[in-house]
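Written out below as structure tokens is the structure these notes cover.
Every read-out reported here was derived from the displayed coordinates using simple, explicitly stated rules and does not represent laboratory data. Worth saying up front: this structure is predicted, and the values here are computed from it rather than measured. All Cβ positions, even for glycine, are placed from backbone atoms using ideal geometry, and neighbour counts span all protein chains on display.
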Ligand code: SF4
């Protein structure tokens, strides 16, 4: 019987199946960062247990680390203790790779894994972080877990799982210039809602998806969780294989040849059946901007803020009204007229080299609007930063008035000093516009790197398609 | 993990859909390396007028009087009643830790986000999915009944209202068993250690590149 990609990956990892369908699933790669792991290591120790397979672990510090003045170390004592706890835990148990604070390869865990070839097709990848769905771009079964499950994976190399339903998101056609993977992700969320993918494993397919680079596919899978799905995937093709060739932890020589033969089977068979199929036309997707406090509160750049009065569902209407109050916006305001205080280019959604190149292309030779308080570029990893500097992107950003920072999660969740002040409005390339996400009282609008760059220059949102 | 069998407790209504884990416990409290002590900062931005920081004395902070958990009638609540897609967003287990530390042992909603739902069971919290009509009825009941208490019976898989009305709910058989007995997942899984080893060996020979 023809199988979906998800079914193949599932079958390949079942260690044991109980009568009720709960399965013990083997975990190939365990990504670890400082925020969700300390209690897991402590629990392991308290129970007198040993980690099962430390060579599955790739660890880095990212959420809490500062993005400037690295010479001063981590000034916040509570954050420093957490990062030091990660250091101590990894030094004690070991890992395949560890990129501590200030390491040249340190960075956001979901940027670091793939760029080092530590994420390989067909793997199960887990991390105590919901955006682990990112790694599904490599045809992996990759999803976020809680800290109890981090401990469970450390102790047993397995997780207890129930099989998800499957949803195919087919996007066919050609994306217009200036329309990116981020816009596709937001357009999908606009269509199915933030709970639309709950209980499903998503597979993104169609000619528009095949046309995306690996980095674009990572952006898309990264946002699967914002559509309610724990995991999103893209099948292996030549783009996948080309990306992996020569990466530090990718196989080499004869092993590479064998691996590639296997990887090519990692796609849904023709005629495989999905529990749900959603189709979008790439041509219909325009640059997206969120206006509210949930990623599903999103419209195209040439639209206006929607009017709650037009919403028939009372719970939804109340949610919209509350969002507009929080965002300090009125109904029917054209998106282009929304003025900004800060711009943030970064996060595991959009901080890879192609994101920075695309933003730099918009910014080149121009100046950040004088009305802006801060425009920030935070590369996803030390390697991305170095590459960007070799290409002179840092100079382009600096000359325009952007700050060029050290890698980390930064203002995506504002655990470090990079944050919005109450009432400040930000165009952000990150993935969540929840209340307070970028700082208590901060107002976030999610956009692509190109759109964020264009907004930084104009001081308000504008249609990047008109600038290209 | 503490067992969950039956719970008779006060209900607090949080009438919002899509409550995310950033709202349940804001990021600044994630810097802790402990599992406990998050209760005073549960829903921090909705509960207090000022901005919370780790180490601040929460008993001295000004409260937002309108927020449901600040109202006298809901003090001591153990059951949270809310709307659909509760617990969306970040995978932080600090969210169920904060709910538990505050005193909640059960959450009733029309639907939950996957990771949060899973995390609840690992911490002895029962997330109960009820149809929208039942959730609506419960909101009305809590609104009209001072100090409304519900009986949550996991064994019978039902919520019993003060007027005797019974609302049945579904729960995964394995998760139910774990909660009823307070079982630790890791111990259960390690009973299959030989199977895991055999699987791992086979995998290592078939796909050696995964074991670099
Ligand atoms: S960049 Fe943001 S979303 Fe990504 S891992 Fe860091 S905090 Fe999470």
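Annotations for the structure displayed:
- Looking at chain A alone, DSSP beta bridges between its own residues are antiparallel in about 25 percent of cases.
- Mean projected area of the Cα convex hull of segment B:109-165, taken over all directions, amounts to 4.5 nm².
- Candidates B:173, B:109, B:98: whichever shows maximal mean-square fluctuation once chain B is modelled as a Gaussian network with Cα springs under 10 Å: B:173
- Over chain A, relative contact order from alpha-carbon pairs under 8 Å, at least 6 apart, %: 17
- Here the relative contact order of segment A:9-120, from alpha carbon pairs under 8 Å that lie six or more residues apart, stands at 29 percent.
- Residue-averaged beta-carbon neighbours from other chains (10 angstrom radius) around A:443-452: 0
- Taken as Cα centroids, segment B:131-175 and segment B:178-211 sit 37 Å apart, rounded to the nearest whole angstrom.
- Residues residue A:84 and residue B:166, FRET efficiency given R0 of 45 Å [Cβ-Cβ distance, rounded to 0.05]: 0.30
- Separation of the residue A:20 and residue B:156 label points, Cα + 7 Å toward Cβ, nm: 2.0
- Neighbour-count ranking [beta-carbon atoms within 10 angstrom, fewest first] of A:133, A:430: A:430, A:133
- Neighbouring partner chain Cβ atoms per residue of A:431-442, average, 10 Å criterion: 5
- For segment B:6-181, share of DSSP beta bridges that run antiparallel, in % to the nearest 5: 50
- Of the residues B:67, B:199, A:397, the one with the fewest other Cβ atoms within 10 Å heads the list, and the complete ranking is B:67, B:199, A:397.
- Neighbouring Cβ atoms from other chains, within 10 Å of the Cβ of residues in B:173-186, number 3 on average.
- Each helix, a run of at least 4 DSSP H residues, gives -39500 (n - 2.57); summed and divided by the residues of chain A, these come to -9000 deg cm²/dmol at 222 nm.
- Hypothetical label at residue A:162: residues of segment A:19-39 whose amide nitrogen lies under 17 Å (7 Å Cα-Cβ projection): A:19-25
- For chain B, averaging the sequence separation of C-alpha pairs within contact (under 8 Å, six or more residues apart) and dividing by the residue count gives a relative contact order of 25 percent.
- Looking at segment A:288-466 alone, DSSP beta bridges between its own residues are antiparallel in about 30 percent of cases.
- Projected label distance in nm at residue B:197 and residue A:332, using a 7 Å step from Cα toward the beta-carbon: 7.3
- As a rough guide to protection, the peptides A:235-241, B:21-27 ranked by mean Cβ packing within 10 Å, highest first, stand as B:21-27, A:235-241.
- Note on segment A:5-163: percent of Cα-Cα distances in each 10 Å bin, starting at 0 and stopping at the bin with the largest distance, equals 11, 40, 33, 12, 3, 0.
- Alpha-carbon centroids, segment A:342-357 and segment A:168-244: separation in whole Å: 17
- For chain B, convex hull volume per residue from C-alpha positions, Å³: 146
- Taken as Cα centroids, segment A:30-99 and segment A:289-314 sit 40 Å apart, rounded to the nearest whole angstrom.
- Cα gyration tensor category, rounded, prolate or oblate, for the protein assembly as shown with a/c compared to 1.5: rounded
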